[in-house]
Amino acid sequence: MLIISNHITISEHEITWNAVRAQGSGGQNVNKVSSAIHLRFDVQASSLPEEVKSRVLALRDQRISSDGVVIIKAQRFRTQEKNRTDALERLRTLILSAMKKPKKRVPTKPTRGSKERRLKSKARRGQVKSLRGKVPDH
């Protein structure tokens, strides 16, 4: 059971694990032992609340496929168990980041002084441009 927050949990049967061989350094051990973990979590088929599901799917994250499946490859550690807990923690932080509600923008009004300064600068600019015309002959 993965505990996301006080009222949101994910059961183990919703997460699919695959042990694969890790990339990178590690000597001969890396060629023999499948210590890396592929975690797959289907967001749409999960028990998450609908609001959280839509936010997770709306995230612009490369770990989320077009099918709505979160795929996390954990290979930071040399043991399978540590990589498993690392993958779970990364899934937890991904869902927590999606749970934060974006702040609603409060539109601001320009102050009276800023309006006056803008109009004065427009008038000054217009006057400069009008003086660029041809000089009349008298």
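Filtering the range 59-94 to residues that are out of contact with any strand residue (DSSP E or B) (no Cβ under 8 Å at 6 or more places or on another chain), in contact (Cβ under 8 Å) with a residue 40 or more places away in the chain and small (Gly, Ala, Ser) leaves nothing.
Among the residues of the range 55-70, those identified as surrounded by fewer than 16 Cβ atoms within 10 Å (Cβ to Cβ) and either charged (D, E, K, R) or farther than 9 Å from VAL43 by Cβ (or both) are ALA58, LEU59, ARG60, ASP61, GLN62, ARG63, SER65, SER66, ASP67. Across the range 110-138, which residue is surrounded by the fewest Cβ atoms within 10 Å (Cβ to Cβ) among those that are among the β-branched types (Val, Ile, Thr) and part of a loop (DSSP other than H, G, I, E, B)? So the residue we want is VAL135. Selection of the range 75-120 for residues being within 30 Å of TRP17 (Cα to Cα) and more than 23 Å from the chain's Cα centre (by Cα) yields PHE77, ARG78, THR79, GLN80, GLU81, LYS82.
Every number here is computed from the coordinates shown, using simple stated rules; none is lab data. The shown structure was predicted, so the numbers you read here are calculated from the model rather than taken from an experiment. Every residue, glycine among them, receives a Cβ derived from its backbone with ideal geometry; neighbour counts consider all protein chains shown.
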